[in-house]
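First, the structure itself, so that you have it in front of you.
The values are calculated or read from the model by the stated rules, or taken from the named source; none is laboratory data. Everything quoted here is computed from the prediction, not taken from an experiment. Note that we place each Cβ from the backbone using ideal geometry, even for glycine, and neighbour counts take in every protein chain shown.
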Amino acid sequence: MKDITSIEDITLWQNAFYQKLLNDETTAPKFSHLNLAEHMPKIVAFWSFVLLDVEGYKTNVFDQHIHLNLEKIHFDKWINYFIATTDEMFQGANAEVAKQRVKMIATTFMHKLTGEYHAF
C-alpha cells in the first residue's frame, strides 16, 4: 500500500470516510444535512494543509463543527471510521500522522464542547 501523497489521494480517502459516516445510524443524522459535493473541497483543503503543507486552508475547523452537538459516541465512531478507512487505503508516514491528528482534534473538540478531557 502507498502513503497519502496527493490531493487526489485525500479526495478519495475522505469521500470513502464520509460514506461510512453517512451510512451509520448514529453519525448519519449529524452529517446528512451536508451537501457533500460542496463541503468536500473544504475537507480536502484541510487535510492537504495538515498532511501535504498545501496552503489555502484558513477556516477555524472547530467553528465549523460546534453547531452539530456532537457527543462522545459520535467522536468514537468518527475516529474508528477515520482510522479504518485510512488503514484500508494507505500505509506510511502521512497516514500515521493523519491518525494521530484526528485523535488530537477529537480530544480538543470534546474538551471545548463539554469541558471534559477525554484522550482518544
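Kindly provide the set of residues from region 11-32 that are closer than 14 Å to Ile43 by Cα and out of contact with any helix residue (DSSP H, G or I) (no Cβ under 8 Å at 6 or more places or on another chain), ordered by number.
Result: Gln19, single match.
Also, quick follow-up: Hey, could you check region 104-120 for residues that are in contact with a helix residue (DSSP H, G or I) (Cβ under 6 Å, 6 or more places away or on another chain) and of a type in the set (Phe, Trp, Tyr) and say which is surrounded by the fewest Cβ atoms within 10 Å (Cβ to Cβ)?
My answer is Tyr117.
Ok, one more. Restricting to region 76-94, and then to whatever is in contact (Cβ under 8 Å) with a residue 60 or more places away in the chain and buried (at least 17 other Cβ atoms within 10 Å of the Cβ), can you tell me which residue is farthest from Asn23 (Cα to Cα)? Before the answer, list the steps.
Residues of region 76-94 that are in contact (Cβ under 8 Å) with a residue 60 or more places away in the chain, as a first pass: 81-82, 84-86, 88-94.
After this cut, where a residue has to be buried (at least 17 other Cβ atoms within 10 Å of the Cβ) as well, the list is 81-82, 85-86, 90, 94.
Values: Tyr81: 11, Phe82: 14, Thr85: 14, Thr86: 17, Phe90: 22, Asn94: 26 Å.
My answer is Asn94.
Taking Arg101 and the conditions (1) over 20 Å from Phe31 (Cα atoms); (2) among the charged types (D, E, K, R); (3) surrounded by 14 or more Cβ atoms within 10 Å (Cβ to Cβ); (4) at pLDDT below 90, which numbered condition does it fall short on, given that it satisfies the others?
(4)
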